[in-house]
1. State the Cα centre-to-centre distance between the stretch 176-238 and the stretch 321-398 in whole Å.
2. Select one label from (i) 59, 29, 20; (ii) 40, 24, 19; (iii) 61, 28, 24: the one whose number is semi-axes √(5λ) of the Cα gyration tensor in Å as derived from the coordinates shown.
3. Quickly work out the M272-to-R107 label distance, labels modelled 7 Å from Cα along the C-beta direction, and quote it in nm with one decimal.
4. Rounded, prolate or oblate: pick one for the stretch 110-221, where a ≥ b ≥ c are the square roots of the eigenvalues of its C-alpha gyration tensor, a/c under 1.5 means rounded, and failing that, prolate if a/b is larger than b/c, else oblate.
5. If you restrict to DSSP beta bridges whose two residues both lie in the chain, what percentage is antiparallel, to the nearest 5?
6. If we sort 263-275, 54-66, 330-342 on the protection proxy, mean other Cβ atoms within 10 Å, highest first, what's the order?
7. Would you list which lysines come within 24 Å of K287, measuring only between C-alpha atoms, while excluding same-chain residues fewer than 8 positions from it?
8. How much length is gained on full extension from I395 to V188, taking 0.36 nm per residue of separation minus their Cα-Cα distance?
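Since every read-out is calculated from the coordinates, none of them should be taken as a lab result. Note that the structure is a prediction, hence the values are computed from the model and not measured. Positions of Cβ are backbone-derived with ideal geometry, glycine not excepted, and every protein chain shown enters the neighbour counts.
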Amino acid sequence: MRRLLKIARREYVAYIRTIGFWLSMLLMPLGLAVAAGTPMLIDRTAPVPTLAILDLSGQGYGQAIKPQLSKSVQEGRPAAIIVASPVSIAEATAAGPALRPYLLGERALAGGRTLDAAVVIGEGAAIDFWSATLADRTLEQQVAGALTQAMRGQRLEAAGLSEAEIRGLDALKPTVTAYSPKAAAGEVSLRDRLPGIVGFVLGMLLWSVIFTGAGILLNSVIEEKSSRILEVLLSSASAPEIMFGKILGAAGVTATVLAVWVGLGGTTLAMMNPQITGDVVAVLLGKGLIFYFAFYLVGGYLMYASLFIAVGAFCETTREAQTLLGPIMILLMVPLVFMSQAIRRPDSPLLELLSWIPPFTPFIMMARAGGEPPLWQVLGTGVLMMGTTAVVIWIAGRAFRAGALSTGRVDIKGLIARVRRPQ
């Protein structure tokens, strides 16, 4: 046991004392925050497009949609800046060629403005939408929505309704109050919906933390095998001591990563919204999600850490490891696809089925935990996961012992043969 703990301490210290480890750990939450906030930042900082309107409908739709497009649609930003059309009514039949130099920036509008888009409204409210951008259809959809409102208003006016009556109709909407027997006060509040959201977030965190630790183990074993350090370790400690020492050391690194991420996330959330922070803590403790997380973290980490360390023992380079782990990693993208569905439908038959597949169990069940799955499913999937983990650890122990001193490239058949060989 003492040698095992020494190996674990060595493994842990080797990682946490490097600057790269701390930088990568701190930059990951920052990267996620940037990825989440970038679309909003782009929308807020992008210039408001200029739009020219050419109305050939004879119904006054062009004038009717201008107020809709000019008013604020996003915190003080209008949908578009309406500019005079560079194409006259007489040129309408050749609107495309006439607009082309303005949309391509070859010619400027009066005052030096550039033209970003133009809309030609024909008979029957048919729209020809010209734009300098191929992919972004936001303004096109806003124009269509504004024209829909204008057509609706004209039809209602023709039916004898006044402008005030039309505004009254637009303001009509029901008052909806959601109730559920699972809600603490009967009426559903944000706090009642939080468990599903928190479960999903914990599931994603679990996936990230487990594969961070497993990846650390894989790289550590490959590096030590290629440099023959693993052979030196085997001369002073048994294969099980080395294997579990490394797993324990990487677990310490994983716990450090988890503590830093939770600390940063909790502090940020507390600064932004103390009320939500209190509700999240209440959900974690009151709904027992923190205990689910601890259980699935232990089971999932042991399962994948054992698998990755065994694969690493047979590989001289990271490229060889990627060949063996490639199909597994593709398979393990499945939980990422389905975990978000657990927020709305934790009782989905497909999610229940995936919960019984041990490699998926930690992540899917963690995401479902907020929806309070039946106790028999929690116990059944948990027992199956831990049983599978025990089998994986046993196989990984034999594989690690067989692969630690192996040389040369090992294919799948060779790996299986060595594992099955009597120790």
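1. Measuring centre to centre over Cα atoms gives 12 Å.
2. Looking at semi-axes √(5λ) of the Cα gyration tensor in Å for this model, the match is (i).
3. 4.8
4. Numbers: a/c = 4.69, a/b = 1.49, b/c = 3.14.
Oblate, since a/c reaches 1.5 and b/c is not below a/b.
5. Numbers: 8 of 16 bridges.
DSSP beta bridges in the chain are roughly 50 percent antiparallel.
6. Working: 263-275: 11.8, 54-66: 17.5, 330-342: 15.8.
So the order, starting with the most tightly packed, is 54-66, 330-342, 263-275.
7. K182
8. Working: separation 207, 0.36 × 207 = 74.52 nm, distance 4.83 nm.
The span from I395 to V188 would gain 69.7 nm if fully extended.
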